[in-house]
Each structure stands twice: as structure tokens, then as C-alpha cells.
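Written out below as C-alpha cells is the structure these notes cover.
The values are calculated or read from the model by the stated rules, or taken from the named source; none is laboratory data. Remember, predicted model here, so these are calculated numbers, not experimental data. Don't worry about glycine lacking a Cβ; one is built from the backbone with ideal geometry, like all the others, and counts go over all protein chains shown.
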Amino acid sequence: MKRIIQFIFIALLLGLTVRPTRADAPYTTWAWGPGGWLIMTQDAYTPLVEMDLPISEAEDMFVTSDGTIYIADTGNARIAKFVDFEEVASYGEDVLTGPTGVFVDDEGIMYIADAKSDTIVILGPDGNLINQFGRPTEPLFGKNREFLPRKIAVDARENLYIVSEGSVNGLVQMNTKGNFIGYFGANSATMSLKMILQRMFLTEEQLDQFVKNEAASPSNLTIDSQALIFTITGGGAYGESIRRFTISGKNIFPETIDSSTFRDIHVSDNGLVVAVDADGVIFEYDLTGTLLFAFGAIDTGEQRLGTLRNPTAIARFGENIYVLDKEKNAVVVYETTAFAKLVHDGIRLYMEGYYAEAKPYFEEVLNFNGSFIMSYQAIADAYFKAGDYPNALTAYRYAEDRRGFSQAYWELRNLVLQRYLTNALLLIFSLTIVQGSVTRLDRRYKWFDPLRAWWRGLQRFKLVDDFVFMFRFIKYPADSFYYIKKDLRGSMRFALLIYVWVIAVRVLTLYITGFSFNPFTSPVYIPVENEIVTTIALIFLWNAANYLVSTISDGEGRVRDVIIGSAYSLFPYALFALPIALISNVLTLNEIFIYTFSLQLMWLWVGIMLIIMVKEVHNYSFSETVRNVLLTLFTAALFVLTGYILYVLFTQLFDFVSAIFQELRLRG
Amino acid sequence: MAKRYKRFLFVLLGLIFGGLTRPLHVTALENPPLLAATAPDSWTSPAQSLATSLQQIPDTFEIVGENDTFQLYANRTTLAFKVVDKRSGYVWHSNLDEKGEDDRLNKTWTAFAQSGISIDYLDAKATNERASISNSEPLIDFKPIDQGFEASVTFTAPSITILVRVTLGPDGVRVEVPFEAIQESDPEFKLGLMYVYPFFGATRGDSIPGYMFIPDGSGSLIRFTAETKAANMFYGRYYGADLGMIAELPWDPLVNRAFKLSIPVIGMAHGEQEHAYIAVVEKGAAYGEVHAHPSGIITNFNFLYNAFVYNESFFQATNRAGAGVTTLQPKTNAFDIAIQYRFLTGAEGDYVGMANSYQQYLVENGVLQKISPSDENIGIRLEFLGGEKERILFWHRSIPMTTVSQMGEIVGDLEVKNPDIIYYGWQPGGAASMPPKKLKLDRKLGTVGQLQDLVETITAKGGSFSLYVDPQAAIRDEKGYSTRNDLAMSITNFNLIGYNRSKVNFYLNLDTLTERYPALSEDVFSQTGAGLALDGIGSMVYSDFKKNHVLNRGDAILSYQALLADSAGRTSFYRPNDYMFPYTSAYYDMPLSNSGYIYTTDVVPFLQIVLAGYIPYYGPALNFSSNLQEDLLKHVDFGVYPSYFLTHEITAKILNTSSNWIFTSSYAQWGQEIEETYAWLNALLGPVKGQRIVARAVLGEGVSATTYENGQQIIVNFSEQDFSEGALTVSGKDAVIREVAP
């Protein structure tokens, strides 16, 4: 009976039949979109069938290149072999106690991690025991280290890579004899600010009560056709769950959109990486770590085809993805759609370096979904390789690839420079000559005197004078603050104008900074309100804190002095931020030094100005000034803290009152 | 080699066991076993196990009604009834007579199976207790009436009295439970759920072939098998959950939500094309739900039934941390129950017959009106996004995606006939803004005058034009309504929250709806001659608990109907529920499949068969399809017309707006594809325009044949291989149309 159903399903799988009407996928499919956001896209995979198998709580599955499935049937303590989802053999029933990891090499030799006996078992193709061994005896393994093998992968030179539960040193590398070779691919421990604070203030005893901050151990692994090891680590930092190690143990997988609860990972020979997480979501990447698709849903009791309950293993075979579900005791099969096939074909060519050949595929993909960022990247690379830099520039911009954009821009700028550089130099040279002669002639014939008179006339207006006063700070900062203090120059009105200008500059720079240097890939992502509010808050906090601190520490400055002084201190920013942002438009990442250095210089200048301001306005000695500045910063921090505490308290109060009303309404 | 061996083995098995063990054919009807080619009649041959149908009526039953086609027998103590279909002699049982030796039924379940009515009642703490007629010793006042019986049942423990009336009619049996006769005498206890004849037509495991029908998506069958993949029963509320009780639709962007049950019909077939029934819920569907148990879940019976919700418990949170109390709703839901069981026999005894029977029911009740097509060209839905808004600094800027004149150019340019044009996001501010109370277009899109001209041009060409409106929705954080006065409220005193087209919205209360909708629709109909494409209101129905606005879900449906009956123009709907069919001139987003519950075995075009010849239906927009060829084949197979979502501008412009769910739409990209799909589909579906579907068969693996009333038959081959039978050849992934004797 069951066999017959199976036959039909097999026929389905082999493509003998196609179910005329397939149910709609119970999940939506998402792809990498602009701004690093996920965007919805056409289905990449549709659920095909759920195959019930005679297994129990199976923890691992290995699919060979001919489609034979080996399942570590944990509950039944055996390795079961399936051909076309029909059980053809069962191995190791007398040796195994609770296998959780299985790997099969080209000759059919099975490498098994047995979790109950904590041993590695190697079985021949017929199930004959080749070797079984436990904890390595080598001292190098570590005196107190436990050996808890859970998952296993083997490379062509018969090196065993073993996931040992809780191993902080990474994977255990052994040979088939059971000799310990070394540790491989350890994760690094991360230290958060909270941990650092704990370490600073807590006693040894208290610290011992916390879980030791050790590197998370990888939870599963796989090996690709180039014998590179992939690992997944649960609960780590966002974007770093998947690692791909070179032979020397260096991670070459970039940060990418991922899940912190990955269960298993698989890499196919054509370079597609799939991983499944505890929530039943399947992620597909290319070898460079670009997320292609994310889809899948957990079964919340609706029991829809394609949802998962407790996935433990994943593998790709041909155009299908198999996911082993421990709770369903079944393998769920997903089939590639026409759309995903297009993407895969393009990526295969692209990864092999056939950019021009891959381009038409990605252009077709863009027809399906114009926000499929990966396509722009591939198309941009194709343009760049073909020397079509203007198109490459546009495409890189869509692809949000700053490096590519910068390179294409460098090429374009180079062309422009080559063509116009001589003329431009000539122009500058002749302009210099003209300017020189005009200056000399002016000195003799006083051509510009009426202009100067008009300018002096203008300075009678207070605001104009205030403006001119700003430039005085470049040469005589200390002196100029004294003028403010004595009410000789500068005004509240102009100070406020400076603040407004600073806020405007802050927002404007975000809009006009060149793409290569702009933190935002598109103006629409710029949180204008946030920028404005934070800038205002910072200005307010500085002024308030500084005035309050100074009044209790013998500062002479009045509120007016502090506000005007601080405003004038910000002049480097007000004057230079915009030009720097403008210049960034003609720079490439090769000249990043120019950009960052000028920015740093500007901020340093602002800092120095503020310190001089404090010193002059309040008439402090140098040590008093430093103390005052530090106190100001501390007070500002306290303001923020107080504000936060008040906010929390008031929310609590509000909750309490509204709960009372709710209760009254319900029961009264 | 291996494949061939298996095929042989299978055929052999089939030959040996074919006649004996029906359950061999657990495979989808839509997906026949490999065996089908060698024994094509295996489904239609009479099954031996149906011999039980000729069994005697037990002495405990007395005859209470008879007409030309049926006899009705009733049992005074359990209120069970039996119907004899005189055409075939087949007996339909409403309940289990005797528990069999192998039946996996405990005491409660046995009583449930043997009683006509069971109830769940709730005490003040909202704990649930079940009482069935045969295990709770109720007081029964049984009274034979003309062609049936009437019984008043008083469940003594909770002091709840109900009245059940069962009468025989020309098509079958009608079961009624009037609300006015329900008495909850003890204030301590409230009526919760009522199970109405839960074991009607129940079968044991795979003892006979057949299936249960549930109205999920286009239609789903659950074949009778001994074992099931299901871990728990199917549960589905007609018209979806009541938002008034749950306040907020669950939201998970990763989940493609299951279809709502849009028609209150369930059914069962005993044998293939032998005996079948459908149960149409005529009254009370707003509070009705379907429970379907495939054999293997708790019991060894296959059964499905309607249950009705009178009182529900709900969780009232008292603070934001989530603490609170579980209490009962303040007032019992007031509604009458009426279910009509319609019996089918012979060739009609399959899902096509069921669908046709339901269609006939709808026609008799004036719900469906036959359309007479003007020409033999299919329609195509082209939905245009007008405007959408984007945030720039502190303001919003509206982005014109398709202006009225651009739309005119596109429609004039496309070589398609009878286009059904929908204009989405026409209102000032675009798609994410509230539609105005009076007709007014976004300034950047065009003027009402231009719109009127366009409508005239399109109508003259045989097409139709509608403006998209979701009349119930009050888009969150938008101007144009008052949160204090205009919104419906849940029982927990929150605004109802739902999601549509990537926007979060509240729901208007009936007063506001009845004020706004007629104003706008009157404007649209009279000023432009356009119709309205209505989203939401066709499929969404919620109760309202706001003070002075309290509204029952059933009354809401009646009000919606009245609202639409009063408006003069053309209205079309997105996935409307059955009660909107009278006002539906086109059905959009027709499901091409079901929700994919693993225990359902077949996807069938039930809904399509019901509507074919009466309401033209259009599928989901094809630009979002991931397997275009396969989806087109589905369209042909189910007789569904194509749909596309279009913009004049490039799609990237709306990337950072709430309409970014439209991830591909540019006319420049899709124009040619639209013409190609239209031409291909028109050649196949044109000749059957306005025709009813009368038969459907599976000819081979992945090959289905649908016959229309004018004798045209469409054969669709979903497989990669060519299919040939006699003179007929269909290449892989293709479809043909041919004439057969009607």
C-alpha cells in the first residue's frame, strides 16, 4: 500500500508526471533588494511533495551525487539508505546507538558521528565496520576537552572534520585511524560593552556565575567541491552565521543576511549554498555570500505542504531541495521554478567569469523583478569588463556597490582628465596671470575702491558685521571670544542663524556627498527628522550643560556668551562641511585619505575652538578648562539618562492608570 | 530500466487487487495513478463495498416524509435521520447506528456519532463542556410535521433548549435551528458551539471509495483512506475569522495565508459518480465553521460537518504587559441555522455534479444570472497603478505611475479584446491615501473629464472600466476619517487591524460605510460611467462591538448586500464570498489552486464550475508568476481569464513606497507578453465563453479534459511528454480544444 503511493511519488519526482495543479506555496519568497532590504519576489521554489519515511527523529541526511539518500536515523540507531525514497538498505544497527551525523564518500564509505557513544564510526559500503574510535589520546587535543561528535564531513584526502559539541577551538580534524590532527576554523569570542563593564566592576566570584565568554562552537558543517569547509554557528553575531574556510582556516564568506538559528547547510557542485533554520526558513546564497532567496514557513498546525516543523538537514539534488524534518519523519521536496532556474543559470556563468554570457540572463531576471539587486551587480560587472564605463557606473549605482562604482568612476574620470587636463592646466595658468596683473593694476589705479566702500557700508548692518566677524576666528580665536564677552561683536540673532545653518549643512551633506562615500545608498533612506532632532539635541545639551557647570565652578560666561561662543566655534563645520561633501563627488575610494583626513581636520578644529571658547569666555586656566569640558560632557550624559528614566517612569504610570480603568470597565 | 520494472509491478498489483481494494486509488483524481492508462474505468466501476447501501432501515426509525425521489426516516430518541434515494435505493445515514467492533470511538465520541445534535456549553469561567443527545439524557419533545419532524431538545445540565426542524424537499433535506427558540435558562451557562449532524454520511476508513469536499481555494478533495498524513482535523471558519473577536489579523510577511472559505458548501461522494451530497448553509454561515476529520485522526471515520458559534470566550488584556482575564462575550450571537442537504446520484455523484447542484441552487434563488456573450473573445484584466506617494524630507510627493491618458494609449496600443480595466491608486495622493468621499482624481493623473472619455472609448470597444476601492478600509496614519467616530471596534475595545496590498488598515463601522460608499459610487457611476472594483468588502466581514454601533456578523452581510443592491453601477469583486455573487459582474484573483493542506488529495475547479457561464473570472496577475507556462495551463484548465498589473513608468519608482509589493509592472516590459498570452488563451477559451462546465475527466498522467455545455472540450497536458489518444494528440505542456458530442 505505502509502496504503491511511493511509486507514484517517485514517478512524480523523476518527472514522469507533473501534478496538473500544484497548491500555492504556503510561504512568500524574498530576495536581496535595494538598501539591504529584503524584497518580495516570485517564488523560487514550490513545494512538491512530502515523503513519509520509516525513520524516527532523524538528525542528518546525506545525498550522494546520484541521488541516493543516507539518513542518520537517530531514533532507530541506524543509517538508512534510500533510492528514490524507497528504503534499500539499513546499516550499522549493531554498532550505532544514536547517529546524528553522516557523510558518505564517493566509494560509498560511511562516516558517522554517533552521539550516544560519542564515537566516530566508519562503515564500508556493505555496512562492514572499518573503524570506530572515540576521544583522541593526543595531548594536543587538550587535557580537559571533551569529545562529543555530532556532525562530520570528510575531504578527498580522508581528513575527518568533526563538529564536537561545545568545542571552543572549532572543528576537530582527525584522520581515519582516529589520530588527532588539529583544530580547524575556530570562531572568535565577541566582547560586548556590557561584558567589558561587568569585567571592570564585578568580583571574581560574581564573574564565575556568568557563562564563560567563549567562542561559540559551530553546530553543523558541509564541504564543497573544492574541499573547502563551510560551518554554521548558532546564536552568533548577525550576518556571521555562515563561514567558509580556506585550507589554512581563514574565513572567506562575507557578512550577509542570515539567521541565527541555522540547522544545516549544503553546497552543491554548481556553487549554490542552501541553509535551513529552526523556523523552517530556507536561505539560498551564491558562493560569494549574496543572498539569492529566502523562503519557507513553520507549520503552526495548519499542515500545509511546504511548511516545516523541525528541520534538521538540507540538501540540493538537481533542481530539487530536500529538507529532512525530524518531527514529521519525512523529507519535504521543493522544486525550482522557471524564474529561479533563470537566476541559477545566470549565476553559474557569472561565477565562472563569463560576464558577457551571463548578462542576458540577468536582464531577463530584471524583467521579472526590477529590484533584484544581484542582477545589477552582474550586469555592471559585464559592462565594466566590456569597457562600457558609463553604463557600468549606472548599474553599479543600482547594485549599491561602492567599490565597483568607484572603480568605474576612476576609469571615467581618467578619460576626462586625459582629454582636458592640458587645457585645464593652461586655463588655471592664464587665470593666475590675469589675477596677478589685475591685482597689480588695481593697486595702481584703485579700480575696486568703490566696491570696497560699498562693502564697508554694508558692515554697518549688524548681521553682516557678525558674518565678517566669523572669519576673524581663523586668525585670532582667543581674541575674538573676548570681543563676544565684552558685547563688542557677535549677536544672539546671528548665533541662532549659525545653528540653523549647521543643521541645514548637516542634512545637506548627507544629500550631496558622493555615492562612494555616502553612508546612504539612496536619498530616500536618509532619516532627516532624526538628523535634525539629534543635532538640535546635541547643541542644546552642550549649551545647557556648559552654562550650568560653569556657573557653579566660577565661570564668568553668561548664557549669552556661551550660546554665541559655541555658535562661532562651529564655524569650521559651517564653512567647510559642504565643500568637502562636494569634493567627495569627484573622488574615488583610492583617494579616500583626502576625504577622511579633511573631515577629521575639520572636527579637530571645531573641538579646539570649543575648548578655547570655554577657556576665554569663562576665564579659566588650562586645567580648569579641561575639567570644565569633561564635566560638561558628563552633565550632558546625565541629562540624557534622567530623561530616559523619566520616560520609563511615566510609561509605567500611564500603564498603571490605564490598567485600572480597563479593570473598572470590565468588572464594574 | 528500474522505472519500467516498477511500472510493470504496479500494473500487476493493480490487476490483482484492482477490484478488491479500492484504496489503491488514493492518488489524486487530478493525478491518476500510472494504472489509469490500462484500466481507465477503475474509478467509475461500481464498488462492492457499497452493497451496504441496501441495508434495512432499523426498527427504531419511523417514516416522517416522502416525495417522488426520497423517503425520510427519523429516530425519536437521537433525532438521527435516514434518507432513502429512490432513484438508486441508496440510504444516507445522518448518524452512526451501532458502534462497530473495530471502531476507535470512546464514550464521548460514540455519543457524538450517534446524536443528531451535540453542543458545547460554557460556564462563567469559559470552561468548555460537551453534551450530545444520546449521553446527556435531554428532554426531547418530538413532533412529526408535514414532510418531516420538529423536536425541542432541552439539555438539562446547562438548561439550554433548542429546536431542530428537519423537512424533506424536492432536492433533499433541510435542517433548521431557529434562534428564537433557543433558550439559555440558566445564566450560569451559555451555548458555545452547536454541531449539526456531524456524522452525516460518515464512512469508515477506506471501506468505500469516495471523498470529502471542502471549499478551500478553488476546491479541495480529501479522499477516503485508512490512514492520513494529517495530525489534526481541518478547521475552517466560513468567510475567515471574525475580526471583531480577534481584533487583529495575524501578520507574518513570510507566510502566504491560506484561502478563506468563500462559499458555505461542503460535500461528500460515496463511490465515484455513484452517490454524493452537498450541504449548503443557507442561513448562519457568518457564524458557521467546517470541521473535517479524515480517518485516522482520533477516530477511524471520515466525516465533516458544520458547527455554529453562539458564544466565544476571549482574552481581555487589562494592561500592556499582557495580563488579563478570559471572559465570555456579553451577548449570544443571534442567527438562524438552515442547512440544505442536496443528494446526487449516478453520473452526477462527483464534484462536478456537486458544483452544478450548487450552481442550480444559486440560479433558483436568483443569485446567479446567465450571461449571454456578445462575441467569442475572452476578457483580460489589466489593473493599472495610478499614483503612489513617497516621503521626501517632511513631505509626501505623489509619483504618477500611469496617468489617464497614458492608460488610454496603452489600451489603444494593446491587441486585446474586451479588456477589463481597473484603475488602482487614482485618488489624490495615490494608492496609500484614503479614497475621497466625492470623486476626485490625483491632479497629476488627469481630470474626471479625461476619465469619462476613456471610459467611453473602452466601453465602446466591448471592454469595461472600474475604479479600485476598498470601501471598508481606513488606512492607518492617513487623513480622511476620524479614529474616534468612524472605526469599528473589537470586543476587546481595539480598532480592528488588517492588511491589504502591503498596507495596514483599520475598518470603518457600518454607519460610516453606508454614508461614504453610496456617495462615492453615485459620483463614479453618474459622472464617468465607470464601475467599481471592490476589494475587501466582498470577502471581509466583521462584527462591531463599539458602543451604540454593535453589529452582528450576519447583519453586516445583510447590510452590505443592501448597500450594493442600492447602487446602480457595475460592481466587480476580489475573491467575493457567496453573498456578493448577485452583485458580481466579474470575479478577480480567482484561486488557481488550494491552500495545500497535506491531507487534501486533489485540487478541483469547484468554484470555477459553479461560476462558469454566469460570472467571468480572472486569475491573479500573471506578472508575479514564477512558472508562467504552467500557470497559463492552469488558466486554460480551469477556464480562468488572464490578469496583468501594469504601470506606464518603470517599477523602480515605487520601490520605496508602500506599493513595493508590485515588484514588476512596466508596460514596456510586459506589453508583448500580454498580447502573446491573450492570443494563446483566447484561441482556447474563446469558443467556450459564457458556457457552463458539464464534465471533467482525467485522461492520463497530468492530462485533464473539461467539457462545456456547447460540446467543446478542452484538453490540457501538464506533463512534459506528448499525449495521444485516438486521433487526439496534445504536445507536452500544451492544450487543445476539440468538439465532442454534448
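Summary table below
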item	result
Yes/no for B:Y195 being surrounded by 18 or more Cβ atoms within 10 Å (Cβ to Cβ) and touching a Lys or Arg at 6+ places or on another chain (Cβ under 6 Å)	no
Listing of strands (runs of 3 or more DSSP E) fully contained in the stretch B:225-312 that carry 3 or more residues being within 23 Å of B:N333 (Cα to Cα) and out of contact with any helix residue (DSSP H, G or I) (no Cβ under 8 Å at 6 or more places or on another chain)	B:234-237, B:275-283, B:288-293, B:301-309
Scan of the stretch B:314-336 for residues that are touching a helix residue (DSSP H, G or I) at 6+ places or on another chain (Cβ under 9 Å), within 14 Å of chain A (Cβ to nearest Cβ), under 25 Å from B:G288 (Cβ atoms) and in a loop (DSSP other than H, G, I, E, B), ordered by number	B:Q329
Pick from the stretch B:706-731, criterion away from every other protein chain (no Cβ under 11 Å) and of a type in the set (A, V, I, L, M), ranking: surrounded by the fewest Cβ atoms within 10 Å (Cβ to Cβ)	B:A727
Residue in the stretch A:444-462 that is assigned to a helix (DSSP H, G or I), surrounded by 10 or more Cβ atoms within 10 Å (Cβ to Cβ) and polar (S, T, N, Q) present	no
Test: residue in the stretch A:35-56 that is in contact (Cβ under 8 Å) with a residue 24 or more places away in the chain and away from every other protein chain (no Cβ under 14 Å)	yes
Check on A:I282, within 13 Å of chain B (Cβ to nearest Cβ), in contact (Cβ under 8 Å) with a residue 60 or more places away in the chain and under 27 Å from A:T100 (Cβ atoms)	yes
Every residue from the stretch B:559-592 that is within 14 Å of another protein chain (Cβ to nearest Cβ) and among the basic types (K, R)	B:R575
Positions within the stretch A:23-34 being away from every other protein chain (no Cβ under 12 Å) and at pLDDT 90 or above, in sequence order	none
Condition met for A:R413 (within 30 Å of B:S625 (Cβ to Cβ), in contact (Cβ under 8 Å) with a residue 40 or more places away in the chain and either within 14 Å of chain B (Cβ to nearest Cβ) or not in a loop (DSSP other than H, G, I, E, B) (or both))	no
Residues being of a type in the set (F, W, Y) and either surrounded by fewer than 17 Cβ atoms within 10 Å (Cβ to Cβ) or part of a loop (DSSP other than H, G, I, E, B) (or both) - total across the stretch B:489-526	2
Which listed residue, of A:L653, A:L646, A:L630, is under 17 Å from A:V562 (Cα atoms), more than 10 Å from every other protein chain (Cβ to nearest Cβ) and surrounded by fewer than 12 Cβ atoms within 10 Å (Cβ to Cβ)	A:L630
Filter result for the condition that a residue is touching a residue at least 12 places away in the same chain (Cβ under 8 Å), farther than 23 Å from B:A111 by Cβ and not aromatic (F, W, Y), over B:P138, B:P144	B:P144
Unmet requirement for A:D73, which otherwise passes all of (1) without any contact (Cβ under 8 Å) to a residue 40 or more places away in the chain; (2) buried (at least 22 other Cβ atoms within 10 Å of the Cβ); (3) farther than 28 Å from A:D299 by Cβ	(3)
Enumeration of residues in the stretch B:650-665 that are touching a residue at least 12 places away in the same chain (Cβ under 8 Å) and within 11 Å of another protein chain (Cβ to nearest Cβ)	B:I650, B:T651, B:K653, B:I654, B:N656, B:T657, B:N660, B:W661, B:I662, B:F663, B:T664, B:S665
Conditions (1) within 14 Å of chain B (Cβ to nearest Cβ); (2) touching a helix residue (DSSP H, G or I) at 6+ places or on another chain (Cβ under 9 Å): number failed by A:Y547	(1)
Matching residues in the stretch B:385-408 - criterion: being away from every other protein chain (no Cβ under 14 Å), outside any loop (DSSP other than H, G, I, E, B) and free of Cβ contacts under 8 Å to residues at least 60 places away in the same chain	B:G387, B:S398, B:V404, B:S405, B:G408
Of the criteria (1) more than 17 Å from B:A113 (Cα to Cα); (2) crowded, with 20+ Cβ neighbours inside 10 Å; (3) within 14 Å of chain A (Cβ to nearest Cβ), which one B:I339 fails	(3)
Matching residues in the stretch A:72-130 - criterion: being within 14 Å of chain B (Cβ to nearest Cβ) and out of contact with any helix residue (DSSP H, G or I) (no Cβ under 9 Å at 6 or more places or on another chain)	A:F82, A:V88
Wholly enclosed helices (runs of 4 or more DSSP H) of the stretch A:528-614 bearing at least 2 residues within 29 Å of the chain's Cα centre (by Cα)	A:528-552, A:571-583
Check on B:E649, within 30 Å of B:E409 (Cα to Cα), over 25 Å from the mean Cα position of the chain (by Cα) and among the acidic types (D, E)	yes
Single residue of A:D401, A:D388 found to be under 20 Å from A:T588 (Cα atoms) and within 27 Å of the chain's Cα centre (by Cα)	A:D401
Of the criteria (1) surrounded by 20 or more Cβ atoms within 10 Å (Cβ to Cβ); (2) touching an Asp or Glu at 6+ places or on another chain (Cβ under 6 Å), which one B:K634 fails	(2)
Residue satisfying all of: in the stretch A:295-330; more than 28 Å from the chain's Cα centre (by Cα) and assigned to a strand (DSSP E or B); surrounded by the most Cβ atoms within 10 Å (Cβ to Cβ) among these	A:L324
Selection status of B:R223, of a type in the set (K, R), in contact with a strand residue (DSSP E or B) (Cβ under 8 Å, 6 or more places away or on another chain), farther than 30 Å from B:A131 by Cβ and in contact (Cβ under 8 Å) with a residue 40 or more places away in the chain	yes
Of the criteria (1) modelled with pLDDT under 90; (2) touching a Ser or Thr at 6+ places or on another chain (Cβ under 6 Å), which one A:I503 fails	(1)
Any hit, the stretch B:102-112, residues being under 31 Å from the mean Cα position of the chain (by Cα), at pLDDT 90 or above and in a strand (DSSP E or B)	no
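This table checks each residue for (1) at pLDDT 95 or above; (2) not hydrophobic (A, V, I, L, M, F, W, C).
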| position | (1), (2) |
| --- | --- |
| B:G531 | no, yes |
| B:S539 | no, yes |
| B:F545 | no, no |
| B:S567 | no, yes |
| B:P576 | yes, yes |
| B:S595 | no, yes |
| B:T600 | no, yes |
| B:Q608 | yes, yes |
| B:S626 | no, yes |
